[in-house]
C-alpha cells in the first residue's frame, strides 16, 4: 500500500488528497495541516466584512470530518517543521501538545500555499494591523468591523480594492494606499482603472497612490497612524493586502524553484525530485500567454493543479494545459473580468502588442434597458495571436473572460476570434457579441 503525505490543505492540498483517494482507493493518505480548517475560500473575506455572506461556514467546501469520511487521515494542528524530500521523511510538531514525531512516506505532495508579504518596517507588529489571508485572519478582522469607523487599506490589488469597497459602502471612512499610480495596476489597463478610481472617489474613498508605507505608530487614544513617503494617515485599523509569496522555506535547496521560492513542476505536477509533487500557491504555473513558467497565485490554478496531482500520482495520465490567469472582481456595481495579458503587463515582458478598445451596449437599444460594455483585446502584433482581454460593465460580463481564456489556450488569432460562432438573441446580446465585436475591430483596424 502506497503511503502519501500531503503537506497543507487549502485548495491544492484538499483537492490533491481527495482526488488521490478517488483515483487510488487503497492509498494511505495523511494530510498535515497546522490550522484548524481546510478548503477556506478566502476570496470571500471582503464580502463577509461587508455583510454579504449568508453563512460564513459555507465558505468551506470540505471539512476535516468530511475528508476523514473519505478515508483520509487528517493531522490537524500539526506543523511539518522539517522535510527531507529525497528520503520522503517529515518531522512533525503537534501544536496542541508540542509532541514531535517523524514519519516516512513513498510520495510527498507539497501544498503549503502562500503567505502574505509583510514588510520589515517600524511598527509592523501593531495589534491594529490586520491581514487578509486565513480563516483566523478573517475572524479577527470581522470581530472588530462593526466597531470601527476609519480604515486604512494598504495594497490596491484585488484584495485591497475589495476590502476598501466593502468598508466604504458600509459607511466607513476608507483610505486606500498603494505604491503604484493606479488601483488594480497589475490586473487592468489604465482605461479601466481610471474609471474604477473615479468610482472609489465618488464613494468617498481617499486614494493615496504613488506612495510607499514607511512605518506604523499606535496612537495614544487608540487607532493607528500610517506614515508614507508623502504624508501620514490615521484610522482605527490598518489592513495589509500587498500580495503573497510562496510558503516554501521548508524546501529551500531541495527542489528547483524560481527566485521567489515558487516550486517548478512539469506538466504532470512533478517536481525535480522523484515522487515529490507540488500544487497551488507554492508552485509555478505555465502561463500560456507567454509560454513560460510564472507565479500567479489563484484558487482556480490551485484547484486544477490539485486535481492533476490526483490523476498523475501513479503515472502520466493527464497533462496540465497551463493557465491564462482568468479572474474577475465586482466593485461598486461594475463587473470587471480579465484573462491573460493587458497592454501594460505585456510591455513589461517586452512583448510587442496591440490593445484594441471597443465600447457598445451589450444588447440592442430597442430593449427597454441596456448598458455599455467596455472591451479590451490584447494581441501579438506579429502573429495576431490573442494574448489577453478585459471587460468592464454594469452588466455581468464575467463569463466573457472565460471565452477569451479558451481562445488564448487554443492559440487563436484575432481573425479566428472575430469569426467565432456566438449566438444572437436580443435579450442577451447584439447581433455581433461584444467579444466578437472587439476582435472584429482589431481585424478591421489592422488589415494586412
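If the segment from residue 383 to residue 318 were pulled out straight at 0.36 nm per residue, it would be longer than the present Cα-Cα gap by 20.5 nm.
Under the criterion of Cα pairs below 8 Å and six or more residues apart, the relative contact order for region 13-87 equals 44 percent. Descending by average beta-carbon neighbour count within 10 Å, the peptides 185-193, 210-218 line up as 185-193, 210-218, the highest first. Placing a pseudo-label 7 Å from each Cα along the Cα-to-Cβ vector at residue 432 and residue 36 gives an inter-label distance of 5.7 nm. Highest mean packing comes first when the peptides 35-42, 360-367 are listed by Cβ atoms within 10 Å, giving 35-42, 360-367.
The residues 85, 341, when put in order of fewest to most other Cβ atoms within 10 Å, stand as 85, 341.
Using Cα pairs under 8 angstrom and six or more residues apart, how large is the relative contact order of region 327-445, in percent? It would help to have the intermediate numbers written out before the result.
On the way: 253 pairs, mean separation 32.5, N = 119.
With pairs under 8 Å counted, the relative contact order is 27 percent.
Using C-alpha pairs under 8 Å with a sequence gap of at least 6, the mean separation divided by the residue count of region 129-240 gives a relative contact order of 31 percent.
Full extension of the chain between residue 444 and residue 259 yields a length gain of 62.4 nm, computed as 0.36 nm times the residue separation minus the alpha carbon distance.
What FRET efficiency comes out for residue 170 versus residue 359 if R0 is 25 angstrom and r is the Cβ-Cβ distance? Round to the nearest 0.05. FRET efficiency, residue 170 to residue 359: 0.20. Report the Cα centroid-to-centroid distance between region 1-47 and region 223-276 in angstrom, as an integer. Computed from Cα coordinates, the inter-centre distance equals 20 Å. Cα centroid separation, region 328-354 to region 99-130: 30 Å.
Extension gain for residue 144 to residue 293 (0.36 nm times residue separation, less C-alpha to C-alpha distance): 49.6 nm. The listed peptides 301-308, 260-267, ordered by packing as a protection proxy, come out as 301-308, 260-267 (highest mean of other Cβ atoms within 10 Å first). Between residue 332 and residue 96, the FRET efficiency estimated from the beta carbon spacing at R0 = 45 angstrom works out to 0.55. Each of (1) 28.0; (2) 26.0; (3) 23.5 is a candidate for Kirkwood radius over Cα pairs in Å; the one calculated from this structure is (3). The DSSP beta bridges internal to region 327-445 are antiparallel in roughly 100% of cases.
Distance between the modelled labels on residue 406 and residue 57, one decimal in nanometres: 3.8 nm (7 Å Cα→Cβ projection).
Readers should treat all values here as calculations from the given coordinates under stated rules, not as data from a laboratory. Just so it is clear, the structure is predicted and the values come from calculations on it, not from any experiment. Every residue, glycine as well, gets a Cβ built from its backbone with ideal geometry; the counts of neighbours run over all protein chains shown.
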